Structures are given as structure tokens and as C-alpha cells.
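**Q** Before we start, here is the structure in question, set down as C-alpha cells.
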Amino acid sequence: MSSREQPKSNFSVPMKKITKLLVANRGEIALRIMRTAREMGIATVAVYSEADRLSPHVRFADEARCLGPAPSKESYLVGAKILAVCKELGVDAIHPGYGFLSENAAFAKQVQEAGISFVGPSPEAIEVMGSKLAAKQAVLAYGIPLVPGTDEAISELSVAKKKALEIGYPILIKASAGGGGKGMRIVESESEFDEQMNRAVSEAISSFGDGAVFIEKYITSPRHIEIQILGDQQGNLVYLFERECSIQRRHQKVIEEAPSAVVSPAMRKAMGEAAIGVAKACNYYGAGTVEFIVDENLNFYFLEMNTRLQVEHPVTEMITGKDLVREQIWIAEGKSLSFAQEDLTIQGHAVEVRVYAEDPKNNFLPDIGKLVTYRRPQGPGIRVDDGFEEGMEIPIYYDPMIAKLIAHGATREEAIDRMIRAIDDYRITGIQTTLDFCRFALEHPAFRSGNFDTKFVEHYFRPELLEPQFTDEEKTLLAALAVEFFEQEDQRANPRTPLVANLSTNWANRLI
Ligand code: MV4
């Protein structure tokens with residue numbers, strides 16, 4: 001059924017036109033959401049902490065309210081303060097962005113109960129997908145491929161150990177309430193099992209207040225490939241293809257791209273349909289991401305579902321031509337999706353790099369401070385999503401990501417070449433950034449070939465590789481230029497004295 005044949009309304013889903021949207025977030029994502037809202041004729045409300053008073057998202061919004069002191073726990077995470085702003089200003093919808101309250105089922109429920117639209121899925125879907133075990137159990141009946149393992153919390157060491165032998169070592173212990181790599185332990189052999197299990201359970205209790213853990217076969221060097229889905233409240237679901245997110249460092253993504261270099265049309269269809277199965281399993285509506293790991297034989301397994309807009313959503317927007325925030329708002333208003341699966345095609349290739357205020361030469365320590373120079377790259381196929389301006393201080397209280405740089409091209413090669421050109425045109429001084437590190441990854445033969453996995457950074461990156469590297473020929477040329485330069489300088493300063501080539505040569509030696 002094409003989009004135009006779809007019912008535009010459904011008696012079971014009340015239409016609730018959104019006229020004023022509060023964005024419960026900061027930085028680039030707050031701005032990005034407000035831009036779409038404005039295009040849709042929706043008034044925008046910003047909230048901000050004392051550290052973000054001067055932020056562009058505050059100035060962009062039609063109205064703004066301060067939530068409190070800089071720490072997130074006293075500002076962006078205080079649902080009651082956000083709801084009070086909604087009441088004061090007559091807000092009829094909240095977009096949570098990513099992070100902060102975006103995957104907090106209790107907050108989504110409070111928003112609903114206050115008669116405000118939550119631009120996101122139902123509290124029930126957030127809750128199910130927030131528990132890895134509940135998610136696995138929910139999808140069991142839908143034939144979704146899962147990593148061999150248990151789908152219930154471990155209660156008996158002996159039973160778990162027997163299961164581990166069946167699966168085969170190495171295995172991975174995961175906390176049901178964990179996420180983003182937190183609460184995972186690798187067990188190489190049976191002799192370590194008891195000790196690692198005890199540690200995993202006590203860690204899970206202290207970190208998440210929930211000691212439920214389960215085991216899975218450990219896929220040693222997987223790829224991380226995720227599927228973007230959209231669903232409306234009438235039950236229509238589509239997939240917007242995959243994003244390849246394997247280039248990451250300590251569970252922090254560095255480069256994302258769409259489509260993936262290893263996914264064939266048949267595999268894409270199979271993964272897309274599996275993702276829709278996951279969404280059906282929790283009556284999902286809104287934008288969501290179904291995360292899979294892919295082994296070296298290209299078998300894919302469902303890991304978890306992220307029930308929010310993701311940082312890397314722009315690569316999907318670039319290859320599909322869809323505005324995901326517009327679709328989210330549309331869905332929250334109770335409208336049906338404006339397109340069907342067969343209306344979607346992949347247009348070219350898109351790559352995103354995340355620019356962090358971190359020093360790659362110093363173990364990626366956050367490097368906060370003032371953006372003394374800040375000039376964005378421009379040109380064909382380039383998009384920059386950021387939330388800072390020249391002269392601003394990067395606050396220490398939040399995620400150190402300062403920008404997302406996105407490049408689109410007709411082919412993967414064109415997109416990567418555009419990205420490298422844009423990185424070279426980016427001018428940031430005052431703080432260290434990960435731009436050089438991104439360039440390193442983009443130029444690496446393994447990345448260029450498309451043949452890489454989640455161990456890419458561990459395998460190939462050393463900080464020395466970021467120092468400028470000169471060939472012997474270039475060093476000789478630099479030395480010769482230096483000799484020439486300093487001899488001329490010396491002659492100008494002391495025209496009657498003989499050439500001081502020795503002095504110049506010493507300078508040249510110091511340069512190489
Ligand atoms: C795995 C795995 C290997 N085998 N599960 C890490 C984050 C969380 N979303 C799941 N993660 C993994 N689960 C099994 N059974 C390897 C990882 C993993 C990983 C996954 C995606 C992207 C980067 C990663 C880096 C290290 C480990």
C-alpha cells in the first residue's frame with residue numbers, strides 16, 4: 001500500500017495538534033529539533049541550566065526558562081521542573097532528544113498524565129526495552145535471531161555453568177539493566193566462571209540496583225549495525241535501512257555511516273524485517289533503533305533497542321531524504337506515516353564523525369575550555385550539527401561532544417573524500433578535538449576497504465600516528481628551506497658579515 005492510500009486518521013488514535021514544543025535537552029540536538037519545529041510552524045521552548053545561559057539553543061527558541069544549577073541532576077534531569085515550565089507556558093508537547101530523560105519510562109508516563117504529548121514511544125515500550133531480559137523475552141515469539149545464551153536471569157551457578165559449556169567459551173555475562181557496554185564481563189574458561197559471575201552480580205546491584213544477569217556466547221570481534229525504524233500509532237512500521245557504527249572507542253561511537261559496506265540488499269531486507277519484528281513485539285511507535293551485532297560470517301543477532309532519536313540519525317536522513325524529527329512530531333500528533341516501505345530508497349552514502357573536546361594524544365582526556373577559533377566547514381554535501389559558537393566555553397558538566405560533521409556523496413568514496421576535505425577546513429583552536437583522530441580513521445586502509453569491526457581502534461590506533469609524519473625526502477627539503485631562510489635573515493640583519501651557515505644549519509637540525 002502506498003502512502004497516499006493510507007488512512008490519514010484513525011478513530012482509535014486521537015489527533016492532537018502540537019502548537020508549542022518544549023525541548024528537554026541542550027546543545028546540538030536541542031537546536032536540531034527546534035529547527036524542524038519552526039519549519040512546521042510550532043512554537044519552541046528551550047530549557048537550560050545556569051551553565052548554558054548563553055547557548056545557541058536558548059537564543060533560537062521562542063521562549064526559554066532556566067531549570068537550575070549546571071549539574072544535570074539539578075537541571076536537565078529534573079522532570080518536575082520541566083513539567084512546571086510546561087504548565088506555566090502552555091506547552092502541549094515535550095521532545096526529550098537523546099540522553100537525559102529520553103529513555104525514562106516514569107517521566108514519559110508523567111508527561112502523558114499531565115495531558116502533554118511525549119514525542120517518543122509509549123512508556124510501556126521504553127520500559128520493556130530498558131531491560132535486556134524483558135526485551136529478549138518480548139521478541140522470542142517473533143523469530144528474531146538472538147545470540148545463543150539465556151533469556152532468564154541466572155539464579156543457580158551450577159545451571160548457568162552447564163549452559164555456558166553448551167554454548168562454548170568464551171561467554172559474556174551481561175547485566176539486564178546495563179547498557180552502552182556497562183555491566184559486561186567476558187569469561188574465557190570455566191575456571192573463571194564463579195568469580196566473574198559473583199563480580200558481575202555485585203556490580204549490577206551497585207550500578208543499577210538490579211542484580212539480574214544473563215549469559216551469551218561472546219562474539220569476539222563483531223560489527224555493530226543498527227536499523228532505524230519508524231512506527232505510527234496506527235501500527236504501520238517501516239525501516240529506514242542500516243547504520244554501520246563499528247568504529248567506536250570504549251563504547252563511544254566515533255564514525256557512523258549509511259549504508260554499511262558489508263550489507264547486501266538481501267541482508268538489509270532480512271535485518272529490516274527483523275527490526276520491524278522487534279518493534280511489533282513491544283507495540284512500538286515513534287522513531288527507534290534496533291541494534292544488532294554481526295559476526296565474521298555476517299550472521300546478525302538482535303542485542304537491544306534504543307527507544308529514542310539517536311546521535312547518528314543524520315546519516316539516515318542524508319540517504320533517505322527524510323527528516324526524522326518531523327516524522328516523530330507527526331507521529332506524536334497521531335497522524336499516520338506519510339510514506340510506506342516501498343517509497344523508501346537509499347540515495348548515495350553518508351558518513352558522520354563526532355567531534356569531541358578530547359585530546360586523542362593524551363588518552364582522550366576531556367579538554368574543556370574556550371573555543372578561541374571556531375569556523376565550520378562548508379561546501380557540497382556537508383552538514384554540521386553543533387551547539388556552540390566561537391568564543392564560548394565548553395562546560396565540564398555534560399558530554400564533551402561539540403559537533404557532528406556529516407558528509408554525503410554519490411558513493412562511499414565520495415562521501416569519505418568530502419569528509420576529509422571538510423575536516424581539513426574545520427578551524428578549532430583553544431581546545432583539543434578528535435578531528436585528527438577521525439581523519440586517521442577515515443584514511444586507514446581497513447576503513448577504506450570496508451573490512452573492519454568494533455576492534456578497529458584497539459587494533460590500529462596509536463597516539464604517535466597523529467604527530468605530523470614526514471618522509472626522509474620531506475625532511476631534507478624542510479632542512480634546505482630552513483638553511484636558505486635563516487641565511488637570508490642573517491644577511492638582512494648583518495649585511496657586511498659573512499654567511500653564518502653553521503648557525504642556520506643548527507636551526508635546520510633542530511627542525512627535523
Ligand atoms: C556483545 C558483544 C559480543 N558478544 N554481546 C557492547 C555494548 C552493548 N550494546 C553490547 N555490546 C556488546 N555485546 C555478545 N554476545 C560485544 C559487544 C561490544 C560492542 C558492541 C557494539 C559496539 C561496540 C562494542 C564494543 C565492545 C563490545
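**Q** Among what's in region 236-254 and is open to solvent by 10 Å² or more (accessible area, probe 1.4 Å) and either of a type in the set (D, E, K, R) or outside any strand (DSSP E or B) (or both), pick the residue that is farthest from the ligand (Cβ to nearest atom).
**A** Asn236
**Q** Within the set of pairs 6+ apart or on separate chains, which have a first residue in region 249-260 that is assigned by TED's automatic domain parsing to the domain that holds Arg412, a second that is small (Gly, Ala, Ser) and open to solvent by 40 Å² or more (accessible area, probe 1.4 Å), and C-beta atoms under 7 Å apart?
**A** Here the result reads His251/Gly180, each pair linking region 249-260 to a residue that is small (Gly, Ala, Ser) and open to solvent by 40 Å² or more (accessible area, probe 1.4 Å).
**Q** Going residue by residue through region 134-142, is there one that turns out to be open to solvent by 20 Å² or more (accessible area, probe 1.4 Å), among the aliphatic types (A, V, I, L, M), closer than 25 Å to Leu298 by Cα and touching a Cys at 6+ places or on another chain (Cβ under 9 Å)?
**A** yes
**Q** In region 399-412, which residues are in a loop (DSSP other than H, G, I, E, B) and touching a Phe, Trp or Tyr at 6+ places or on another chain (Cβ under 8 Å)?
**A** Pro400
**Q** Hey, among Ala480, Ala446, which residue is farther than 14 Å from Val351 by Cβ and either open to solvent by 50 Å² or more (accessible area, probe 1.4 Å) or not assigned by TED's automatic domain parsing to the domain that holds Asp359 (or both)? Give the derivation first.
**A** Numbers: Ala446 fails: either open to solvent by 50 Å² or more (accessible area, probe 1.4 Å) or not assigned by TED's automatic domain parsing to the domain that holds Asp359 (or both).
From the options Ala480, Ala446, the qualifying one is Ala480.
Each row is one residue, and each column tells you yes or no for (1) more than 24 Å from Ile18 (Cα to Cα); (2) at pLDDT 95 or above; (3) away from the ligand (no atom under 16 Å from the Cβ); (4) surrounded by 20 or more Cβ atoms within 10 Å (Cβ to Cβ).
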{"position": "Gly272", "(1), (2), (3), (4)": "yes, yes, yes, yes"}
{"position": "Ala279", "(1), (2), (3), (4)": "yes, yes, yes, yes"}
{"position": "Gly286", "(1), (2), (3), (4)": "no, yes, yes, yes"}
{"position": "Asn297", "(1), (2), (3), (4)": "yes, yes, no, no"}
{"position": "Phe300", "(1), (2), (3), (4)": "yes, yes, no, yes"}
{"position": "Glu304", "(1), (2), (3), (4)": "yes, yes, no, yes"}
{"position": "His313", "(1), (2), (3), (4)": "no, yes, yes, yes"}
{"position": "Ile331", "(1), (2), (3), (4)": "no, yes, yes, yes"}
{"position": "Ala340", "(1), (2), (3), (4)": "no, yes, yes, no"}
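**Q** Let me ask something else about it. I'd like the full set of residues that are hydrophobic (A, V, I, L, M, F, W, C) and at pLDDT below 95, limited to region 155-174.
**A** If the condition is that a residue be hydrophobic (A, V, I, L, M, F, W, C) and at pLDDT below 95, then Leu157, Val159, Ala160 are the ones that fit.
**Q** Shifting gears a bit: May I ask you to list the residues in region 307-333 that are outside any helix (DSSP H, G or I) and over 22 Å from Ile116 (Cα atoms)?
**A** Gln310, Val311, Glu312, Gly321, Lys322, Asp323
**Q** Separate question: Residues Ile94, Ile116: which one is touching a Ser or Thr at 6+ places or on another chain (Cβ under 9 Å) and among the β-branched types (Val, Ile, Thr)? Spell out the reasoning first.
**A** Values: Ile116 fails: touching a Ser or Thr at 6+ places or on another chain (Cβ under 9 Å).
Answer to the check: Ile94.
**Q** May I pose another question? From the residues in region 197-211 that are surrounded by fewer than 19 Cβ atoms within 10 Å (Cβ to Cβ) and within 16 Å of the ligand (Cβ to nearest atom), which one is nearest to Asp323 (Cα to Cα)?
**A** Across region 197-211, the extreme among qualifying residues is Phe208.
**Q** Would you pick out the residues in region 16-43 that are of a type outside the set (A, V, I, L, M), under 21 Å from Lys73 (Cα atoms) and either open to solvent by less than 20 Å² (accessible area, probe 1.4 Å) or in the same structural domain as Asp232 (by TED's automatic domain parsing) (or both)?
**A** Initial filter on region 16-43 (of a type outside the set (A, V, I, L, M)): 16-17, 19-20, 25-28, 32, 35-36, 38-39, 41.
Now restrict to residues that are under 21 Å from Lys73 (Cα atoms): 25-28.
Listed by number, the residues that qualify are Asn25, Gly27, Glu28.
Per-residue answers, yes or no, for (1) closer than 17 Å to Asp92 by Cα; (2) assigned to a loop (DSSP other than H, G, I, E, B); (3) modelled with pLDDT of 95 or more:
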position	(1), (2), (3)
Lys8	no, yes, no
Met15	yes, yes, no
Leu21	yes, no, yes
Ile29	no, no, yes
Arg35	no, no, yes
Gly41	yes, yes, yes
Val47	yes, no, yes
Ala51	no, no, yes
Leu54	no, yes, yes
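**Q** Anything in region 110-137 that is β-branched (Val, Ile, Thr) and touching a Phe, Trp or Tyr at 6+ places or on another chain (Cβ under 6 Å)? List them, or say none.
**A** Val111
Here is a yes/no grid of residues against (1) closer than 27 Å to Arg462 by Cα; (2) modelled with pLDDT under 95; (3) surrounded by 16 or more Cβ atoms within 10 Å (Cβ to Cβ); (4) touching a helix residue (DSSP H, G or I) at 6+ places or on another chain (Cβ under 7 Å):
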position	(1), (2), (3), (4)
Asp343	no, no, no, yes
Gln347	no, no, no, yes
Arg354	yes, no, yes, no
Ala357	yes, no, yes, no
Ile382	no, no, yes, yes
Asp385	no, no, yes, yes
Tyr397	no, no, yes, yes
Lys404	yes, no, yes, yes
Arg412	yes, no, yes, no
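**Q** I'm told Ile227 meets every condition in (1) crowded, with 18+ Cβ neighbours inside 10 Å; (2) assigned by TED's automatic domain parsing to the domain that holds Leu324; (3) assigned to a helix (DSSP H, G or I) except one. Can you identify the failing condition by its number?
**A** If we test Ile227 against (1) crowded, with 18+ Cβ neighbours inside 10 Å; (2) assigned by TED's automatic domain parsing to the domain that holds Leu324; (3) assigned to a helix (DSSP H, G or I), just (3) comes out false.
**Q** So is Ala141 aliphatic (A, V, I, L, M), more than 16 Å from the ligand (Cβ to nearest atom) and without any contact (Cβ under 8 Å) to a residue 40 or more places away in the chain or not?
**A** no
Yes/no matrix, rows are residues, columns are (1) open to solvent by less than 40 Å² (accessible area, probe 1.4 Å); (2) in contact (Cβ under 8 Å) with a residue 60 or more places away in the chain; (3) within 14 Å of the ligand (Cβ to nearest atom):
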residue	(1), (2), (3)
Glu152	no, yes, no
Leu165	no, no, no
Ile171	yes, no, yes
Gly179	yes, yes, yes
Val187	yes, no, yes
Ser191	no, no, no
Glu195	no, no, no
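**Q** A follow-up question, please. For Val290, state whether it is within 26 Å of Ala410 (Cβ to Cβ) and outside any helix (DSSP H, G or I).
**A** Here the answer is no, as Val290 does not meet what is asked.
**Q** If we scan region 212-228, do we find a residue that is within 16 Å of the ligand (Cβ to nearest atom) and at positive phi?
**A** No, the conditions are met nowhere in region 212-228.
**Q** A further question on this structure: I'd like to check which helices (runs of 4 or more DSSP H) are fully inside region 429-495 and have at least 3 residues that are within 16 Å of the ligand (Cβ to nearest atom). Quick ask: steps written out before the conclusion?
**A** Numbers: elements: 435-443, 445-449, 456-460, 472-493.
Helices (runs of 4 or more DSSP H) meeting the threshold: 456-460.
**Q** Do we find a residue being assigned to a helix (DSSP H, G or I), open to solvent by 30 Å² or more (accessible area, probe 1.4 Å) and farther than 24 Å from His224 by Cα anywhere in region 115-131?
**A** Pass one, region 115-131, residues assigned to a helix (DSSP H, G or I): 123-130.
Then drop every residue that is not open to solvent by 30 Å² or more (accessible area, probe 1.4 Å), which leaves 124, 127-128, 130.
Next cut, farther than 24 Å from His224 by Cα only: 124.
There is at least one residue in region 115-131 that is assigned to a helix (DSSP H, G or I), open to solvent by 30 Å² or more (accessible area, probe 1.4 Å) and farther than 24 Å from His224 by Cα.
The values are calculated or read from the model by the stated rules, or taken from the named source; none is laboratory data. Note that the structure is predicted; figures quoted are calculated from it, not measured. Note: ideal-geometry Cβ built from the backbone for every residue, glycine included; neighbour counts use all protein chains shown. Calculation scope for accessible area: heavy atoms of the full protein, side chains included, ligands and nucleic acids excluded. Shrake-Rupley method; radii C 1.70, N 1.55, O 1.52, S 1.80 Å.
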